[in-house]
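Right, one structure below, let's go through it.
No lab work stands behind these numbers, since they all come straight from the coordinates. Note that this is a predicted model, so its numbers are computed, not measured. Using ideal geometry, Cβ is built from the backbone for each residue, glycine included, and neighbour counts are taken over all protein chains shown.
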Ligand code: HQG
């Protein structure tokens, strides 16, 4: 497969493993997993031709390591980014003193008022470094990077989780912890 084909499959996997599994008639269990063989069969039945080897290649080469197989290789899930209601089953972890969030200026007034919200996703996503946050913000325009006092939040009792692919997740960042 070439880069474009791999990207196309990754985008489709994102749609069905994070947002709309019903598009090809699969279901996700309470932790977001679905059966690999069934996924492949249903993708093929719905016009998205893919073999097991190709799926493996997409999972292994994905630029953000968005997907992972279960230890026994029977199941697959997205490591973060869901809008469907699942639990990743992650244990809370102590975050670094500061984390970053990439956004754009048109959201700032609202963020100043209500803090950072998870919007349509299950969690609010924070980046461990500024560079990653720049990439996230750039998806929507000129990036604005917010510095988050995550260490202080943690001391105040807020919970943080680290996804399998290195994204920090929390539920809400009140404005007082955001360094604009
Ligand atoms: C903004 C990609 C107004 C927030 C990336 C963001 C990430 C507010 C947008 C992952 C707000 C939500 C997630 C408030 C937050 N008022 N706007 N109170 N609070 N926002 O896509 O963080 O490629 O749901 O700043 O790399 O941009 O999909 O979140 O601009 O890790 O794997 O509302 O998606 O990964 O947008 O991106 P999103 P995000 P993937």
### Query
To the nearest 10 degrees, how steep is helix 52-61 against the longest Cα principal axis of the chain, on a 0 to 90 scale?
20 degrees
## Note on the structure
Here, residue 2 and residue 156, labelled 7 Å along Cα→Cβ, have an inter-label distance in nm of 5.1 nm
#### Entry: Virtual spin-label span in nm between residue 142 and residue 70, 7 Å along Cα→Cβ
4.9 nm
#### Entry: Model label zone, residue 131; criterion: amide N under 19 Å from point 7 Å along Cα-to-beta-carbon; scope region 151-180
165-168
### Message
Tell me the mean residue ellipticity at 222 nm calculated for the chain from its helices only (DSSP H runs of n ≥ 4, each -39500 (n - 2.57), averaged over every residue, nearest 500).
### Response
-8500 deg cm²/dmol
### Query
What number, in nm² with one decimal, is the all-direction average of the projected area of the convex hull of the alpha-carbon atoms of region 99-179?
5.1 nm²
### Ranked list, fewest to most other Cβ atoms within 10 Å of each Cβ, for 1, 43
1, 43
### Order of 17, 159 - criterion: other Cβ atoms within 10 Å of each residue's Cβ, fewest first
159, 17
## Note on the structure
When 131, 57, 71 are arranged by how many other beta-carbons sit within 10 Å of their Cβ, fewest first, they go 71, 131, 57
### Message
How high is the relative contact order of region 3-78? Use alpha-carbon pairs under 8 Å, at least six apart in sequence, and give a whole percent.
### Response
33 percent
### Task
Enter the angle in degrees (range 0 to 90, nearest 10) between the Cα long axis of helix 3-14 and the first principal axis of the Cα atoms of the chain, meaning the one along which they spread out most.
80 degrees
#### Entry: Spatial separation of Cα centroids for region 1-69 and region 73-139, in angstrom
22 Å
### Task
For the chain, list log₁₀ I(q)/I(0) at each q in 0.08, 0.09, 0.14, 0.20 Å⁻¹, using the Debye formula over Cα point scatterers of equal strength and ignoring solvent, two decimals each.
-0.28, -0.36, -0.81, -1.32
### Task
Just subtract the alpha-carbon distance of residue 20 and residue 38 from 0.36 nm times their residue separation and send over the number in nm, one decimal.
4.9 nm
### Task
Enter the angle in degrees (range 0 to 90, nearest 10) between the Cα long axis of helix 36-45 and the first principal axis of the Cα atoms of the chain, meaning the one along which they spread out most.
70 degrees
### Query
In percent, how large is the relative contact order of the chain, given Cα pairs closer than 8 Å and 6 or more residues apart?
21 percent
### Separation of the residue 165 and residue 179 label points, Cα + 7 Å toward Cβ, nm
2.9 nm
## Note on the structure
With N residues in region 3-78, Rg(alpha-carbon) / (2.2 N^0.38 Å) equals 0.98
